[in-house]
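First comes the structure, then the notes that go with it.
The values are calculated or read from the model by the stated rules, or taken from the named source; none is laboratory data. None of the values given here were measured: they were computed from a predicted structure. Here the Cβ positions follow ideal geometry from the backbone for every residue, glycine too, while neighbour counts run over all protein chains shown. Only protein heavy atoms, including side chains, enter the accessible area calculation; ligands, DNA and RNA are left aside. Shrake-Rupley method; radii C 1.70, N 1.55, O 1.52, S 1.80 Å.
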Amino acid sequence: MSPSSSFAPVIPGSGLPAGSPAATTPKQIPHRGGPVNPTVDALREKFGAAIQRVDVVWGETSVVVERSRVAEIVRWLHDDPGQSYVYLSDVTAVEFRDVEQPLEVVWHLRSLAFRRFIRLKALLPKGTPLEVPSVYPIFKSADWMERECYDMFGVKFVGHPDLRRLLMWEGYKEGFPLRKDFPLRGRFSRAEQLRQALAANPEARYSKEELSIADAFEDLPQDMRARLRSGEKTGE
Amino acid sequence: MGLTPRPEPNVVSYDPKGGEGWVTTRLDFLVNWGRANSLWPMPFGTACCAIEFMATAAAQFDLARFGMERMSFSPRQADVLICAGRVPFKLAPVLRRIWQQMPQPKWAISMGACASTGGMFDNYAVVQGIDTIIPVDVYVPGCPPRPEGLIYGIMMLQEKVKRERAADPSIRHEMEPDPTSQLYIPPSAINELSEPFGNAVHQTRSGL
Amino acid sequence: MATIKRTVEVELSTTGLDAQGRPQRVPLAVAEDGSTVAVAAPPSLEPELEGEHMLINIGPQHPATHGVLRLVLELDGETVVRCIPHIGYLHCGFEKIGEYRQYNQIIPWTDREDYLNSIGNNVAFALGAERLFGIEITERCTVLRVIAMELSRIISHLVWLGTTCIDIGAFTPFLWLFQERENVYALLERWIGARLTTTATRVGGMAADLPNGWTEQLQTFITLFPKTLDEVDRVLTRNGIWVGRTVGLGAMTAEEALNYGLSGAMLRASGVAYDVRKDFPYLDYETYDFDVPVGTNGDVYDRFLVRFEELRQSVRILEQALRRLPDGPVNIDDHRVILPPKSKATSEMESMIHHFKQVMEGPRPPIGEAYVAVESPKGEKGYYMVSDGTSKPVRWRIRPPSFVNLSAIPRMVEGHLLSDVIAINASIDIVMGEIDR
């Protein structure tokens, strides 16, 4: 509404040299190989051994990085004017059906100025604590995405100020739904699920201090606790 | 089971031994006629079905023809709960609370496959049919039902309202859930109702 | 947060005129004997009322939250001090169920996740799966999908505008816009057979080609639709109430908007011209001539202007797509991925085998992963799929734009009045089915 003579919109692609062709729909993308995102060279130069592996799958560059240095690397990608990955598209995790394969935490970043897309990955081998540094101090958008990832996979994002369940209710006792050992229909019988859901107070305002998943275990039915303690997996 | 013919909607049956006179039955007719044509809906819209419910209320299908244009967003002034959309477990206590807040007489329409049976969401998060939480009068099938389908369900509910009799105390009976488990129906029945059926059993195999 | 705008006036009397000639009003105090005496105005007319903050709960079942969002607001008087959103009331386990379904079987779920944009989601998922299979779709299919996406953008924006009008107190545009929606529904129903949950695409093609006379029907729609837009434009854009209730609310600067991960009209209203169709194109969007509207203030009014202009731009794209719609096959020719025609499957051995293999086992992509983003009406919608070589994905991740947009609501409503929360929430264009999944 105000006169906006000084207004300058942020135009994506502004970091590219003048006269660069406009972006086009990618065609005939090879399965493996293909052009590597130029950021990878800069990353290798800057972080060296922390860059563990680089794959180009279906035209997208995936960089596997050391899990403890993720926040540092993302911070550099965000701040460096030659990269300017200012847009965090997604944070999520992948667990494979092969139980030996490590769980992956995946970050999708976009550099609007250079029209680049990069995927960062941290591998979390089974048996190690599922912890990675949070990128919340860099991207506010990571807030709910990390909370969701914690809710669904149990991955702890160290440094997130308010890491608690987001989609399931606080005190949900069955575990982390998107883990592969979690059966599709849940661990409990339908009647038990409904009983627990109806017992929830719809007006509760949960805070992080009040409840945690570990406490909820004690509220389980007696037989369920015994079965889970004996290491039973209730898969289908 | 088997289909039984529905009685004529506008006829109130007269039972000479019941001690009801001509006046009571005519009064029933008048009250039911008034009720059936001015039902105030409480739209409990959660998902896709709510969009079709909005389409039903909008110009083309015009819910006002049934005396239902007055959406009652407060459950305390509502007659009929229209549960439009899937109900996950996290929403179950909310639905129960809203149902308990509605005054008698009250009715419930379960709109769509997910509200009625859980539909395609046979997983850890979704209630397998809201009739495990609240009593339901009319089920409207479809995913989502077309507005015409919902209107047909509403007309069926109107028929049901028109057959009610003030002398019958069971109509106004508020169901009380089991005090410990808060369930209306026994757990074994819920488990049986929620069993996967048909194709779903095979589709959810992991592996391959 | 200690500004209290209300003064407690006991009684007022006119004692004279001030410099502007207006009657001077001085608060009176009540003496002990009951008579009123004029007292000199105290240095602060606004007593510091030490009130407690009030918690108010909106939702999860509230008509103005567009679904089952729950906001717990901490109010100081009428001003929002803190906002805590609670979501998950519509969490239906989409991503879990995707791991148990073949790629074509997942498409019905994409309808129901952002149910205002169902056909757009179908296209987006098919694009992602085709990237994973390494398939190039046909020319005609590309254009058909562009038509599908733009129609979907139109009906989604129409619902957004209609419901926002109701939230802010205008009922008439809701009826006009839903009438137009019915026209689009009629188009979709003739093409696909369903109004809302379309399941229109398959991996490698579409469920159906256009029926005869469909393009003429679409041509009629895009001729008449701008007239409705003009009418709505006339009653809203310069309407005093509309402007008064939207300007200056929930403003985000460009840097903030990027940092909060906003996308779509929310981001463009803040002055960032990021549109996936232009910057990371798909479906040959770079060959269409359309503009990306950008706002200057990032407030609710700018978001309205941006979305309204997008409706007109969608009509432009539809016109171009109709002009260039080529003849030819819709589906690819590889029957290892897409079902052969039914007549062939019942008469030819090879087609029958393909049919059997696909229905019983499903097509298998090579090991790999793909993140494909499209510009949905709400913003950047991404599907991230990981394949381990089997016919079902290991992980099907939805990147929901309104989930990320909604996560900025505490920042946007703080300091605004309670009644403005409704307008700001409406401006995000949330769909709970997509947020909670």
Kindly indicate the residue of the range A:163-188 that is more than 10 Å from every other protein chain (Cβ to nearest Cβ) and surrounded by fewer than 19 Cβ atoms within 10 Å (Cβ to Cβ) and also modelled with the lowest pLDDT among those meeting that condition.
-> A:Gly171
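Consider A:Trp76 carefully, then state whether it is surrounded by 21 or more Cβ atoms within 10 Å (Cβ to Cβ) and either away from chain C (no Cβ under 14 Å) or not charged (D, E, K, R) (or both). Don't jump to the end; show me each part of the working.
Working: surrounded by 21 or more Cβ atoms within 10 Å (Cβ to Cβ): no; either away from chain C (no Cβ under 14 Å) or not charged (D, E, K, R) (or both): yes.
No, not satisfied.
Does C:Gly16 satisfy the condition of being modelled with pLDDT under 80, small (Gly, Ala, Ser) and assigned to a loop (DSSP other than H, G, I, E, B)? Walk me through how you get there before you give the answer.
Numbers: modelled with pLDDT under 80: yes; small (Gly, Ala, Ser): yes; assigned to a loop (DSSP other than H, G, I, E, B): no.
For C:Gly16, the condition - modelled with pLDDT under 80, small (Gly, Ala, Ser) and assigned to a loop (DSSP other than H, G, I, E, B) - is not met.
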Kindly indicate the residue of the range B:122-139 that is within 12 Å of the chain's Cα centre (by Cα) and open to solvent by 20 Å² or more (accessible area, probe 1.4 Å) and also farthest from B:Pro196 (Cα to Cα) among those meeting that condition.
-> B:Asp137
Taking the range B:140-166 and keeping only residues that are at pLDDT 90 or above, among the β-branched types (Val, Ile, Thr) and crowded, with 21+ Cβ neighbours inside 10 Å, one is left with B:Val140, B:Ile154
Where C:Val421 falls short, out of the listed (1) more than 18 Å from C:Ala126 (Cβ to Cβ); (2) surrounded by fewer than 19 Cβ atoms within 10 Å (Cβ to Cβ); (3) more than 14 Å from chain A (Cβ to nearest Cβ); (4) not polar (S, T, N, Q) | (2)
Output the number of residues of the range C:379-410 satisfying the condition of being more than 11 Å from chain A (Cβ to nearest Cβ) and open to solvent by 10 Å² or more (accessible area, probe 1.4 Å).
-> 0
Could you check, for the range C:63-73, whether at least one of its residues is modelled with pLDDT of 90 or more, hydrophobic (A, V, I, L, M, F, W, C) and more than 27 Å from B:Pro41 (Cα to Cα)?
-> no
Single condition C:Thr164 does not satisfy, out of (1) in the same structural domain as C:Val315 (by TED's automatic domain parsing); (2) of a type in the set (Val, Ile, Thr); (3) open to solvent by 10 Å² or more (accessible area, probe 1.4 Å) = (3)
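Residue under question is A:Val63, and the condition is that it be more than 29 Å from C:Glu375 (Cβ to Cβ) and either open to solvent by less than 40 Å² (accessible area, probe 1.4 Å) or of a type outside the set (S, T, N, Q) (or both); does it hold? It would help to see each step written out before you state the result.
Working: more than 29 Å from C:Glu375 (Cβ to Cβ): no; either open to solvent by less than 40 Å² (accessible area, probe 1.4 Å) or of a type outside the set (S, T, N, Q) (or both): yes.
For A:Val63, the condition - more than 29 Å from C:Glu375 (Cβ to Cβ) and either open to solvent by less than 40 Å² (accessible area, probe 1.4 Å) or of a type outside the set (S, T, N, Q) (or both) - is not met.
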C:Val413 is checked against (1) under 25 Å from C:Ala124 (Cβ atoms); (2) crowded, with 17+ Cβ neighbours inside 10 Å; (3) touching a residue at least 60 places away in the same chain (Cβ under 8 Å) and fails just one. What number does that condition carry?
-> (1)
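Before we move on, is C:Tyr115 open to solvent by 10 Å² or more (accessible area, probe 1.4 Å) and under 14 Å from B:Ala47 (Cα atoms)? Steps first, answer last, please.
Working: open to solvent by 10 Å² or more (accessible area, probe 1.4 Å): yes; under 14 Å from B:Ala47 (Cα atoms): yes.
Judged against the criteria, C:Tyr115 is a match.
Condition first: part of a loop (DSSP other than H, G, I, E, B), open to solvent by 10 Å² or more (accessible area, probe 1.4 Å) and within 14 Å of chain C (Cβ to nearest Cβ). Now tell me which residues in the range A:113-137 satisfy that. Don't jump to the end; show me each part of the working.
To start, the set of residues in the range A:113-137 that are part of a loop (DSSP other than H, G, I, E, B) comprises A:113-115, A:125-130, A:134-137.
This time we only want the ones that are open to solvent by 10 Å² or more (accessible area, probe 1.4 Å), so: A:113-115, A:125-130, A:136-137.
Matches in the range A:113-137: A:Ala113, A:Phe114, A:Arg115, A:Tyr136, A:Pro137.
I'm trying to understand the selection: among the residues of the range C:339-380, which are β-branched (Val, Ile, Thr) and within 24 Å of C:Gly134 (Cβ to Cβ)? Steps first, answer last, please.
The initial filter retains those residues of the range C:339-380 that are β-branched (Val, Ile, Thr), namely C:346, C:353, C:359, C:367, C:372, C:374.
Listed by number, the residues that qualify are C:Ile353, C:Val359, C:Ile367, C:Val372, C:Val374.
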Members of the range C:244-292 found to be at positive phi and out of contact with any Pro (no Cβ under 7 Å at 6 or more places or on another chain), listed by number = C:Gly248, C:Gly250, C:Gly261, C:Leu283, C:Asp284
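Checking the condition of a type outside the set (Phe, Trp, Tyr), assigned to a helix (DSSP H, G or I) and within 20 Å of C:Glu369 (Cα to Cα), which residue from A:Val74, A:Val54, A:Val40 passes?
Values: A:Val74 fails: within 20 Å of C:Glu369 (Cα to Cα); A:Val54 fails: assigned to a helix (DSSP H, G or I).
Just a single option satisfies the conditions, and that option is A:Val40.
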Return the residue satisfying two criteria in turn: it lies in the range A:11-48 and is among the charged types (D, E, K, R) and in contact (Cβ under 8 Å) with a residue 12 or more places away in the chain, and of such residues it is surrounded by the most Cβ atoms within 10 Å (Cβ to Cβ).
-> A:Lys46
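Does C:Phe308 count as surrounded by fewer than 21 Cβ atoms within 10 Å (Cβ to Cβ), assigned by TED's automatic domain parsing to the domain that holds C:Glu150 and in a loop (DSSP other than H, G, I, E, B)? Spell out how you get there, then give the answer.
Working: surrounded by fewer than 21 Cβ atoms within 10 Å (Cβ to Cβ): yes; assigned by TED's automatic domain parsing to the domain that holds C:Glu150: yes; in a loop (DSSP other than H, G, I, E, B): no.
The answer is no for C:Phe308.
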Across (1) surrounded by 15 or more Cβ atoms within 10 Å (Cβ to Cβ); (2) of a type in the set (A, V, I, L, M); (3) within 30 Å of C:Arg245 (Cα to Cα), A:Ala8 clears everything bar (1)
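Any idea which residue in the range A:83-122 is farthest from A:Arg53 (Cα to Cα), counting only those that are small (Gly, Ala, Ser) and at pLDDT below 90? Spell out the reasoning first.
Step one: filter the range A:83-122 for residues small (Gly, Ala, Ser), giving A:84, A:89, A:93, A:111, A:113, A:122.
Checking which are at pLDDT below 90 leaves us with A:84, A:113.
Working: A:Ser84: 22, A:Ala113: 25 Å.
Of everything passing the filter in the range A:83-122, A:Ala113 is farthest from A:Arg53 (Cα to Cα).
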Does the range C:199-221 contain any residue that is within 12 Å of chain B (Cβ to nearest Cβ), out of contact with any His (no Cβ under 6 Å at 6 or more places or on another chain) and surrounded by 14 or more Cβ atoms within 10 Å (Cβ to Cβ)?
-> yes
The correct count of residues that are open to solvent by 10 Å² or more (accessible area, probe 1.4 Å) and facing another protein chain (nearest Cβ under 9 Å) in the range B:28-47 is 2
Looking only at the range C:131-142, decide whether some residue is buried (at least 24 other Cβ atoms within 10 Å of the Cβ), closer than 30 Å to A:Trp58 by Cβ, within 11 Å of chain A (Cβ to nearest Cβ) and aliphatic (A, V, I, L, M).
-> yes
Check on C:Asp302, assigned by TED's automatic domain parsing to the domain that holds C:Tyr383 and closer than 30 Å to C:Phe221 by Cα = yes
Any residue in the range C:195-206 that is part of a helix (DSSP H, G or I), among the polar types (S, T, N, Q), touching a residue at least 24 places away in the same chain (Cβ under 8 Å) and in contact with a Phe, Trp or Tyr (Cβ under 9 Å, 6 or more places away or on another chain)?
-> no
Filtering the range C:250-284 for residues that are among the hydrophobic types (A, V, I, L, M, F, W, C), under 20 Å from C:Val413 (Cα atoms) and open to solvent by 10 Å² or more (accessible area, probe 1.4 Å) leaves a count of 3
Candidates C:Arg153, C:Arg101 - the one that is modelled with pLDDT of 85 or more, among the basic types (Lys, Arg) and within 18 Å of the chain's Cα centre (by Cα) | C:Arg153
